[in-house]
Structures are given as C-alpha cells and as structure tokens.
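Colleague: Before anything else, here's the structure in question.
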Amino acid sequence: MNLKSLKKVKFTPYLHILVIIYIVIIFAWFKEARILATGEEGLLFYSPERIAAKFLSPWLDVGLGVSGPSFLPGATFFVYLIILDNFFTPWLSQAVIFLLLFIGGGVGMYLLAKELVSGKKHLWFIISLFYSFNLYSMVQVWNRFLTPTMFAWSFLPWFLLLFIKWFESGSFKWLIFWLISSLVFSNAFSISTLVITLWTPVLLWIVFKLIVDRQRFITYSTRTLIGIVLWLLTNIWWIYPFFSVGSTFFSEIFSWRDNFDTIMGVSNALRFWNYLVLYHDPAMAISGPWMTWYHLPITLLIAWLVFLIVILGITKSRRQKNFFYFLTLGFLALFVIKGTKPPLGVEFYGWLFKNIPQMGILRNPYEKFGITWLLPYSFFFGFGIDWVIRRFKKGGNYIATLFIVLTCGILVWPIWTGQAFTKDVRVVVPDYYEQANRLLNSKGGDGRLLMLPLIPGDAAKYTWGYGGIEASDFLFDKTSISRIFRNDLIDKKYWELYERFISKKKFSNILDETNVDYLVLRYDLDKASGASASSEVAKILDSNRDFEKIGEFDKIVVYEYLKKDKTNLVEASGTKVPEVSYSKTSATHYKVRIRNAETPFDLVFKTTFNTLWKAEINGQTLKQHSLAYGYANSWRVDKIGDYTINVIFAVWPWQ
C-alpha cells in the first residue's frame with residue numbers, strides 16, 4: 001500500500017458506510033446535548049484550559065500537590081480540546097473527539113486488514129466493523145470511560161500498520177508518519193499499561209519477520225533499531241518524566257503485594273469463558289447498567305455464536321499469509337488477560353510483580369491489555385464470516401448478513417441506542433459553579449479552597465447527576481482540598497482535617513498549615529457521597545468568627561478564612577525571619593525573594609514533600625531538605641542578606 005492507494009481507499013463505499021454508522025452512533029449518544037462524565041476522568045471536557053493548567057505538568061496543582069507524570073502524554077489531547085473549545089460547546093467538542101476516534105479506529109482497522117489479509121474488500125469491512133462493535137469495545141473502551149483507552153483502541157491499527165510499512169519498505173516517509181501518529185495519539189500512553197498493549201503486536205511482528213525471513217535479518221534489525229530509537233526520542237518529553245517521577249509516584253500508592261492481591265481479585269471476578277466471548281460479568285450483572293439484557297438466553301447464545309465464528313475463522317484461514325502471526329498474538333494476549341487463572345497464572349504474575357515491580361501496572365490485564373486480544377479476535381471473526389460467504393454461494397451473503405446483524409447489532413444494542421452510557425453519566429454543570437469561580441478569581445492570591453462538606457474518600461455524587469472522582473479540580477481555577485489522593489502524606493493531613501471537622505474541634509491551625517483562604521460549602525452533594533449534612537456544616541462556620549460569608553450562589557456558599565497571622569504558600573520560619581516574596585513561574589518553578597536575612601531560618605513550601613523538589617541559591621542546592629507540618633517541604637537556609645531562591649521540581653525537560 002502506497003500513498004496513492006491510501007488516497008484511493010478512503011473513497012470506497014465500505015468506508016463511507018463505516019463513517020455514516022459512526023455519525024449515527026454519535027448522534028444517539030449526544031442527542032440530549034450533555035457532557036458525558038464519570039469515573040476517574042471526571043469532568044474532563046468541561047473547561048479544557050483550566051484542566052490543562054492543573055494537570056499538564058509532572059507536578060499537579062491539585063489538593064496539597066502531587067506528582068503526576070501519567071497526564072503528560074495527554075498534552076496533544078488537551079490541545080485538541082482547547083482548540084475545539086473556541087468553536088463549540090463542551091458537549092459538542094466531546095462528540096467531535098469521539099467521532100474522530102471512532103473513524104480512526106474503524107478506518108485504521110480497514111487499512112490494516114487490507115495490508116495483512118488477502119481477500120476482498122468485504123472481508124476488510126467485516127473485520128473493521130466487528131472491531132468497532134463488540135462486547136469488549138462497548139464495556140471496556142466506551143462504558144469504562146477512560147479516554148486513554150479510547151485513544152489506544154483507535155490508535156492500535158495505525159500504530160501497527162505504519163510500523164509495518166516502514167519495516168517492510170524502509171521508506172522514511174512511513175517512519176515519519178508512524179512517529180507523527182504517536183504524537184497525534186499520545187494520549188493513549190497516559191495509562192502506562194497501554195504502552196505495552198500497543199507495542200506487543202509490533203514487537204511480535206518484528207520477532208516473526210526476523211525468524212521467517214532470515215535473509216533480511218540485518219535489514220530488519222537495522223530498521224527496528226532506527227524505529228525504536230527515534231520513537232523514544234520523539235516521545236522523550238513524557239517518557240523521561242514518567243521514569244524519573246513515576247517510580248516514586250506508583251510506589252507510594254501500590255506495593256507488589258497490593259498489585260498481586262488486586263489481580264487475584266480481578267481474575268476471580270471473571271470466568272474463563274468470559275474472555276472467550278468478550279463477556280464481562282461485573283458490568284453485565286443483573287444489577288449493572290443493562291439489567292437483565294445480558295442474562296437472557298438469546299443474548300448469551302449470540303455471544304457464543306461470536307466465539308464459534310472465531311473458531312471457524314481459525315480453522316478455515318490457515319492459508320492466510322499472516323495466519324500464524326494472528327494465532328500467536330491471540331494465544332499470547334489470552335495468556336496475559338486471563339490473569340492468575342490456570343495454567344501458570346499465579347506463578348507468572350507472582351514472579352513478575354515481585355521481581356519487576358513496575359509491571360504491577362498489569363494488575364487489571366483484561367481491561368488494559370484486552371485490546372491486544374481484540375485485534376486477532378476481529379481478524380478471525382472476519383475470516384469466519386468470509387468462509388460462510390464463500391461456502392454457501394447462493395445463500396452465503398444472507399447468512400453472513402444475519403450473523404453480522406446478530407453479533408454487531410443486537411448483541412451490542414446499547415451502543416446503537418445510546419445506552420452504552422447510563423443516564424447519570426450525561427450531565428449539565430449548574431451555572432452557580434462558574435459564578436462562584438468568578439468571585440474567587442476576583443479575590444486573587446494563591447490560597448487554597450477547602451471544599452465542604454468533606455467527603456470520606458475520593459468519589460462524590462451530586463444531585464445534578466454527576467458521579468465520579470470529586471469534581472472541584474474541574475470546576476474551580478484555584479487549587480482545592482477536597483478528597484484523598486492515596487498518597488500517605490496528603491491523606492494523613494486530609495484525614496486529620498476531616499476528623500477535626502466532624503468532631504467539631506478547632507481546625508484553623510490546619511487551614512494555616514495548608515494555606516487555605518476560602519471555604520466553599522456545597523448543598524448539592526448527594527447522600528451517596530457520605531458527607532456530613534451541609535446545614536450542620538453551615539452552623540459550624542456561621543458560629544465561628546474566623547469565617548466570613550462573602551457570596552451565595554444558589555446551592556453554593558463561599559466563606560473567607562480571616563487569618564490572624566498572614567500566611568502564604570511560601571513562608572519563612574524561625575526566631576527572626578526575613579521578608580519573603582515569591583512568584584510562580586510554573587507548577588514546577590517558584591522564585592522566592594529574600595530580603596534582610598540576618599540569621600538562619602527555615603524556608604517552608606506548603607506543597608507535598610517530594611525529594612525531587614530542590615531549593616537553589618545561585619545554582620547551589622540547599623542540602624537540608626525536611627518535612628514541615630507533617631506533609632510539606634522545608635529547607636534550612638543559612639545565607640545572610642538579600643537574594644533569590646529558586647524552588648524547582650527537578651524533572652527534565654519540564655523544570
């Protein structure tokens with residue numbers, strides 16, 4: 001396939017049909033003109049510039065501050081959102097992104113099938129259609145609602161196709177296209193597991209070619225080396241921070257034993273036949289979003305029909321030129337996604353997590369690695385349907401059409417009707433949040449917000465529909481203390497504040513230590529959030545002279561904390577402290593100006609302690625770096641006089 005053929009193939013009727021189908025699907029999903037928002041993603045499409053300002057950095061200005069390298073690959077994604085935000089409403093921007101992802105995955109799979117499969121256009125179309133409409137895509141790609149997984153699903157066919165074109169031809173135009181595509185779809189790498197998911201088919205292709213075509217061993221090895229090195233260099237802007245920050249970031253959250261216990265639980269929740277028919281018991285339980293639909297005998301029968309067609313495809317496609325590649329990729333993917341199930345599951349993952357702790361990212365393999373299983377699965381499904389068409393010449397087309405309607409239509413009916421997402425996922429953010437945000441922005445300063453009532457965890461449910469990760473970081477420009485982060489230092493401080501508040505003990509000293517300037521009381525938290533009653537919280541605030549009500553906006557009341565002593569994000573501590581002023585260059589760089597320092601003092605920086613935070617005077621790093629207030633950074637400063645201290649989160653190239 002050359003560039004001219006690429007231009008021609010996009011005008012085929014089959015691709016027109018695919019695009020029309022995707023448009024119909026997106027219309028069904030967004031006909032209510034609402035944002036889709038839930039889970040860990042939160043209100044990602046609500047205010048792209050605000051979210052990019054907080055999350056596109058190795059250090060995140062959320063809560064008390066936390067390292068977060070996993071968001072960096074999403075930089076290009078946020079560029080798309082910010083551009084679209086200038087022309088469309090948030091829900092329409094989301095619809096455009098989802099449509100492009102659908103088209104990308106479908107067209108990419110069609111072209112990949114054209115490259116790897118001998119056959120007619122209808123076969124490529126069937127493979128692409130099934131890749132788009134199957135139980136795995138419905139549950140784990142769309143309903144699971146993680147945009148990196150959506151990007152990975154759309155990108156996988158292109159990632160493999162463009163690498164193969166470079167690998168086979170040696171033409172640098174294909175190498176350039178492959179590298180550019182990694183930037184375009186870089187959000188797919190925001191979940192580290194998906195890096196393995198995307199690279200596995202490519203690496204297996206390399207191994208197969210090196211074994212099968214030994215005469216070109218040196219040529220293929222050279223192209224592999226060039227491709228991998230240039231890919232690493234192209235993506236160094238997120239790879240290096242991930243490895244320099246990620247090791248401490250993930251070790252703070254999970255140990256290898258935690259990861260192993262997780263994969264044991266996930267593996268036990270699914271039965272082996274679930275993987276074979278792309279079924280997911282937890283999502284398809286009677287209490288799940290689709291109620292009894294996936295427990296009807298006819299639905300289960302259709303699910304098994306899919307697998308029987310795949311088996312038929314395996315037995316009837318042995319003459320396909322890449323049959324053994326697809327078969328090996330399928331068995332490899334099945335071994336990974338089955339988790340700790342026999343054979344050798346416990347032994348393999350126990351050894352892997354203990355000896356290579358970073359591989360703990362595979363603790364939920366079916367969710368994250370399942371796309372790799374779906375790739376060969378889709379090809380064998382297409383081979384099976386194609387055999388039916390060829391075997392039953394007169395009635396083959398009718399039988400094949402019936403099978404496709406059953407498997408890609410009725411079986412995944414929620415995709416077609418817009419019910420791939422439940423009603424509470426479709427939300428409209430109330431205007432009073434933006435009104436409160438404008439008031440707080442008018443006050444200036446870098447003081448944090450304390451969101452009340454405090455929730456006992458990190459998830460919240462609101463009366464206006466949204467349920468997922470607590471949403472304050474998406475709704476306010478200022479940094480907010482609103483939830484736990486599964487970071488020991490942050491969470492210990494949060495729970496200390498939580499306990500003080502619910503027991504009605506004095507907590508103003510914690511507000512000073514965490515640089516809180518404003519308290520935002522919400523009356524729209526659902527009881528499911530587990531928070532205290534807003535009316536009870538209001539009594540505490542209204543009876544305390546430390547707090548002054550400065551604004552009311554429907555279901556939000558804003559209070560200002562009237563500090564007795566002026567405190568800031570950066571301050572000096574000691575018997576005789578100098579004058580301190582500072583400016584924020586970025587989330588990873590603060591310039592602190594010291595005047596009239598006469599004696600040694602401690603410089604306190606009220607963001608979560610991390611060894612990668614450095615304080616420098618004239619290029620010299622301050623050595624005595626310690627913990628302050630149980631969570632923050634503190635440096636001992638001995639220098640006398642006037643000077644500037646650069647406080648830097650030392651992660652190249654973002655510092």
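The values are calculated or read from the model by the stated rules, or taken from the named source; none is laboratory data. Fair warning: this is a prediction, and the values are worked out from it, not measured in the lab. As a convention, Cβ positions derive from the backbone with ideal geometry for all residues, glycine included, and neighbour counts pool all protein chains shown. What goes into the accessible areas is simple: the full protein's heavy atoms, side chains included, and nothing from ligands, DNA or RNA. Shrake-Rupley method; radii C 1.70, N 1.55, O 1.52, S 1.80 Å.
Colleague: For segment 271-372, list the helices (runs of 4 or more DSSP H) that sit wholly inside it and hold at least 3 residues that are modelled with pLDDT of 90 or more, of a type outside the set (K, R) and surrounded by fewer than 13 Cβ atoms within 10 Å (Cβ to Cβ); which are they?
Modeller: Numbers: elements: 272-277, 297-316, 323-337, 345-355.
Passing ranges, in order: 297-316.
Colleague: Just one of V107, V19, V96, V79 is open to solvent by 60 Å² or more (accessible area, probe 1.4 Å) and in a helix (DSSP H, G or I); which is it?
Modeller: V79
Colleague: Restricting attention to segment 317-359, which residues are touching a Gly at 6+ places or on another chain (Cβ under 7 Å) and closer than 20 Å to I126 by Cβ?
Modeller: none
Colleague: Then there is this: (1) surrounded by fewer than 24 Cβ atoms within 10 Å (Cβ to Cβ); (2) of a type in the set (S, T, N, Q); (3) under 22 Å from the mean Cα position of the chain (by Cα): which one isn't true of N86, the others all being true?
Modeller: The number of the failed condition is (3).
Colleague: Please give the helices (runs of 4 or more DSSP H) falling wholly within segment 390-443 in which 1 or more residues are within 28 Å of the chain's Cα centre (by Cα).
Modeller: Details: elements: 396-405, 413-417, 431-442.
Result: 413-417, 431-442.
Colleague: Is there any pair linking a residue in segment 458-475 that is farther than 16 Å from S47 by Cβ to one that is of a type in the set (A, V, I, L, M) and part of a loop (DSSP other than H, G, I, E, B), with Cβ under 6 Å and at least six apart or on different chains, and which?
Modeller: Listed pairs, sorted by first residue: D458/I484.
Colleague: Of all residues in segment 638-655, count the ones that are open to solvent by 70 Å² or more (accessible area, probe 1.4 Å) and either under 27 Å from I236 (Cβ atoms) or in a loop (DSSP other than H, G, I, E, B) (or both).
Modeller: Number of matching residues: 6.
Colleague: If the Cβ limit is 8 Å and pairs must be 6+ apart or interchain, which residue in segment 612-625 that is at pLDDT 95 or above pairs with which residue that is of a type in the set (G, A, S)?
Modeller: W613/A650; K614/A650; T621/A615; L622/A615; H625/A615; H625/S634
Colleague: For segment 143-161, indicate whether the set of residues that are in a helix (DSSP H, G or I) and out of contact with any helix residue (DSSP H, G or I) (no Cβ under 7 Å at 6 or more places or on another chain) is non-empty.
Modeller: yes
Colleague: May I ask you to list the residues in segment 589-637 that are hydroxyl-bearing (S, T, Y) and buried (at least 21 other Cβ atoms within 10 Å of the Cβ)?
Modeller: Listed by number, the residues that qualify are Y590, T607, T608, Y631.
Colleague: Tell me, which residue of segment 548-566 that is open to solvent by 20 Å² or more (accessible area, probe 1.4 Å) and closer than 19 Å to T479 by Cβ is modelled with the lowest pLDDT?
Modeller: The residue in question is K566.
Colleague: While we're on this one: If you check L375 against the conditions, is it open to solvent by less than 10 Å² (accessible area, probe 1.4 Å), out of contact with any strand residue (DSSP E or B) (no Cβ under 7 Å at 6 or more places or on another chain) and under 26 Å from L112 (Cα atoms)?
Modeller: Taking the combined requirement at face value, the residue satisfies it.
Colleague: Under the condition of being under 30 Å from Y518 (Cα atoms) and among the hydrophobic types (A, V, I, L, M, F, W, C), which residue from segment 411-444 is surrounded by the most Cβ atoms within 10 Å (Cβ to Cβ)?
Modeller: Result: A436.
Colleague: In addition: Scan segment 141-160 and give yes if some residue there is out of contact with any Lys or Arg (no Cβ under 8 Å at 6 or more places or on another chain), under 23 Å from N364 (Cβ atoms) and among the small types (G, A, S), otherwise no.
Modeller: Checked against the condition, which is being out of contact with any Lys or Arg (no Cβ under 8 Å at 6 or more places or on another chain), under 23 Å from N364 (Cβ atoms) and among the small types (G, A, S), segment 141-160 yields at least one hit.
Colleague: Please go through segment 478-506 and give me each residue that is touching a residue at least 12 places away in the same chain (Cβ under 8 Å) and of a type in the set (S, T, Y), ordered by number.
Modeller: Listed by number, the residues that qualify are T479, S480, S482, Y494, Y498.
Colleague: If you don't mind, there's one more thing I want to ask. Run K461 past the list (1) open to solvent by 30 Å² or more (accessible area, probe 1.4 Å); (2) of a type outside the set (S, T, N, Q); (3) in a helix (DSSP H, G or I) and report the number of the one that doesn't hold.
Modeller: (3)
Colleague: Considering only helices (runs of 4 or more DSSP H) fully contained in segment 169-262, which possess at least 2 residues that are open to solvent by 40 Å² or more (accessible area, probe 1.4 Å), of a type in the set (F, W, Y) and at pLDDT 95 or above?
Modeller: Filter on segment 169-262 gives 172-184.
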